[in-house]
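Notes follow once the structure below has been shown.
The values are calculated or read from the model by the stated rules, or taken from the named source; none is laboratory data. For clarity, every value in this text was computed on a predicted model and none was experimentally measured. Here the Cβ positions follow ideal geometry from the backbone for every residue, glycine too, while neighbour counts run over all protein chains shown.
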Ligand SMILES: Cc1cc2nc3c(=O)[nH]c(=O)nc-3n(C[C@H](O)[C@H](O)[C@H](O)COP(=O)(O)OP(=O)(O)OC[C@H]3O[C@@H](n4cnc5c(N)ncnc54)[C@H](O)[C@@H]3O)c2cc1C
């Protein structure tokens, strides 16, 4: 395929939640938006828990796998703590395709199978093409190519592995979280129901091979009997745990979502923040384009820091403590209430 040169107001790299929300908003305001997506469809590896404060109507069961009303957090000795939580478990690919579809409906173009390769004066080069754009949004995830082209270092990250299991016994409407040094060093195990007899069971760790820990949890933990089922899908991925990057805006380039470090450093949850980032980036971009003043783009960073600065500073402190407590199950057992956000103590210190 030859090189094609295209003119756009905004080029977004990555059709995840951050990229698609940005693209939809800016296209809706009448600007030309091109989204470059590395893959041929949306397939970010994920457990898909979303809290229901998102600004989106979740339409049907092809996206929602279960509704959640509770989180049960297990200590290493398997005693547990319940917390009321309202959200959904979604099928991530369908959810992301839905957001991408909305961006297209608003007039954005998405080029699938087109990874960003270079940022050049006035635009970008991607596989088999080139595009001009006044503004670039790097929404290309934890190992953001956009950020690395800007000279940013690789972020601190956790690695995850997950099976979708069928024929098992999940708890209805409940997200289960397990802390244990031998099964999830530096992170936790999750069981998120997707139906009466199915769930996504995964583990995130800060070191080691996550699939090995997951296998061990499924076959050797006290919950093994409940998880003895058929594996219908395996996924692996990574998420940032180092907090917000030092800079989120460089000239005419903005970073949004995981590429900017917007997943929570303790829980790893990043979908809601990625969508929030898309909304804030979108609004700053519209203002900048309408007034033809790229300086306005820096408002994005100010707003993000105002909203996420404090909670992330707290979470980073907790992250440090959690890393220390993973020295033993005794330390974890004793300190978990200060380290996990469903406990009152998390918010007190
Ligand atoms: C196993 C796992 C489980 C998780 N579970 C949850 C959960 O239950 N709840 C939650 O809130 N968060 C969860 N997360 C975190 C969540 O997935 C991310 O925080 C969220 O996806 C961030 O959205 P994003 O739009 O910033 O990036 P992404 O969703 O990662 O999207 C980035 C997009 O950019 C594309 N891309 C990458 N490189 C390029 C390139 N060079 N050019 C063009 N496109 C590119 C990718 O293909 C991808 O489509 C989980 C993460 C993992 C790994």
> Among 297, 227, 289, which is away from the ligand (no atom under 16 Å from the Cβ), over 23 Å from residue 158 (Cα atoms), crowded, with 19+ Cβ neighbours inside 10 Å and assigned by TED's automatic domain parsing to the domain that holds residue 196?
Replying inline: 227
> Just wondering, is there one or more residues in the range 133-156 that are away from the ligand (no atom under 15 Å from the Cβ), within 19 Å of residue 254 (Cβ to Cβ), outside the structural domain of residue 337 (by TED's automatic domain parsing) and part of a strand (DSSP E or B)?
Replying inline: yes
>> Looking only at the range 238-265, how many residues end up being surrounded by fewer than 24 Cβ atoms within 10 Å (Cβ to Cβ) and more than 10 Å from the ligand (Cβ to nearest atom)?
In response: 11
> (1) closer than 30 Å to residue 12 by Cα; (2) more than 13 Å from the ligand (Cβ to nearest atom): which one isn't true of residue 116, the others all being true?
Replying inline: (2)
> Given the structure, is residue 14 at positive phi, assigned by TED's automatic domain parsing to the domain that holds residue 142 and buried (at least 23 other Cβ atoms within 10 Å of the Cβ)?
Replying inline: yes
>> Any residue at all in the range 96-109 that's surrounded by 13 or more Cβ atoms within 10 Å (Cβ to Cβ) and either more than 21 Å from residue 275 (Cβ to Cβ) or assigned by TED's automatic domain parsing to the domain that holds residue 342 (or both)?
In response: no
